[in-house]
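See below for the structure under consideration.
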Amino acid sequence: MKALLLCASHNDLGLIRALRKLGYEIIVTGNLPGLPGEKYVDKYIQADYSDKELILKIANDEKIDAICQCCNDFGVYTAAYVAEKMHLPGYDSYETTLILHNKDKFKKFAKDYNITTPIASSFSNEGDALQYIEKLNYPIIIKPTDASAGNGICRADTKEEAIHGIQGAFDKSRAGRIVIEPFITGTQHGFCTFLINQKVVACSSNNEYSFLNPYRVEIDTFPADNYNDVKDTLIEQIERIAMILHLKDGIFHLQYIVQNNKPYIIEVMRRILGNMYSIPASLLNGVDWDYWETRAKCGLSCEHFPRPTQQEGFFAYKTLLGKQNGTIKSIQLPEKYQKFLIRSYLLKKEGDIITRYQSEPVGFLFFMFSSLEEMKRILIEEYDDTIVTTL
């Protein structure tokens, strides 16, 4: 059996492991040769996985039996498109995929079906957006509809900041569309679930913290502080979305902000998460998220998915970022981390170059703690930004 995986980045390593475990011959595509997972696959084809027609041709030429999306929204679009054209199982329709992974389309869907999310206005013309901000109350937040990892997102407290934010968001949007919505203050969290027959069978929850870049998650702590207060509401909304859109089995992840004890969904996605999220998530509830997501996307049965599951323990990851562009001088972990560190994964080393310091990870650290208080003290209250130094 042949499976086409759309990228082999550090975030896709779990998918490669799962495909190997399932016995697939693995073909991988990507723009850049030499990504971490490439050495573990059977064939690499240099190709832009966001080019859905090119990937469809490769899939047909290689006579694949399954396609596996990567940890990127553009990979999700392409995988759904190819699956639909080739009648492969495991994916929502291409139109449904666009609804869930484009902020403007999801906002419209949420409004139509009473899903709790900040009300947003979408624009495909910069002039219309600039005219719209004349009548707004501030602060607002401006986002490209199709970017990830915080790219192009901007909070604006004044009209002047909004003008700059609109220009930046359009620059980052491949589709040339942005959304503008009220800025909601509150705590930000993640809620990763697995759907089987449009029902949630497992959850992993976390708090999200951003320090060096306010729109790129840098630290996640597991579980979320407010999990018991919001889980029923969020599960009800997820299952309603799943029923309306006839969603297939697999991961359904959302980010939410809690304001005045009410969760507001700010983004949803159907893929594995970045920052190697599945490592602490799997430790939290014993679910191998990469393996089961791979089974689902390959159209294999998930009837033996482990259940019931529960969240136990206190886990976290920390993304290592530089504080400025330049050559990495040193990567030194503080002594206080050693007691809690269970795994690390470095993408860069001393002497490597950082060109986009606010969004370019140097590596990831994974932790296990004995209590919530201990976890928050070490990672949040005593936050350390001196690990990566540059020249």
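Just a few scattered comments:
- Residues of the range 180-232 satisfying the condition of being among the small types (Gly, Ala, Ser) and open to solvent by less than 10 Å² (accessible area, probe 1.4 Å): Gly190, Ala202, Ser204, Ser205, Ala224
- Residues located in the range 124-158, provided they are part of a helix (DSSP H, G or I) and either surrounded by 14 or more Cβ atoms within 10 Å (Cβ to Cβ) or not charged (D, E, K, R) (or both): Glu126, Gly127, Ala129, Leu130, Gln131, Tyr132, Ile133
- If you go through the range 249-283 and pick out every residue that is part of a helix (DSSP H, G or I) and crowded, with 23+ Cβ neighbours inside 10 Å, you end up with 3.
- Number of the exception - Ile378 against (1) under 30 Å from Val230 (Cα atoms); (2) open to solvent by less than 60 Å² (accessible area, probe 1.4 Å); (3) in contact (Cβ under 8 Å) with a residue 60 or more places away in the chain: (3)
- Number of positions in the range 96-123 that are among the acidic types (Asp, Glu) and loosely packed, with under 13 Cβ neighbours inside 10 Å: 1
- Segments classed as helices (runs of 4 or more DSSP H), wholly inside the range 32-122, with at least 1 members that are more than 18 Å from His253 (Cα to Cα) and of a type in the set (Gly, Ala, Ser): 52-62, 73-86
- The residue that is most open to solvent (accessible area, probe 1.4 Å), counting only those in the range 311-358 that are hydroxyl-bearing (Ser, Thr, Tyr), in contact (Cβ under 8 Å) with a residue 24 or more places away in the chain and within 30 Å of Ala202 (Cβ to Cβ), is Tyr345.
- All of Arg343, Arg307 fail the test of being modelled with pLDDT of 95 or more and either part of a strand (DSSP E or B) or over 22 Å from the mean Cα position of the chain (by Cα) (or both), apart from Arg343.
The values are calculated or read from the model by the stated rules, or taken from the named source; none is laboratory data. Keep in mind the model is a prediction, meaning the values are calculated, not measured. Note that each Cβ is placed from the backbone with ideal geometry, even for glycine, and that neighbours are counted across all protein chains shown. Note: accessible area is taken over every heavy atom of the protein model, side chains too, but ligands, DNA and RNA are not part of it. Shrake-Rupley method; radii C 1.70, N 1.55, O 1.52, S 1.80 Å.
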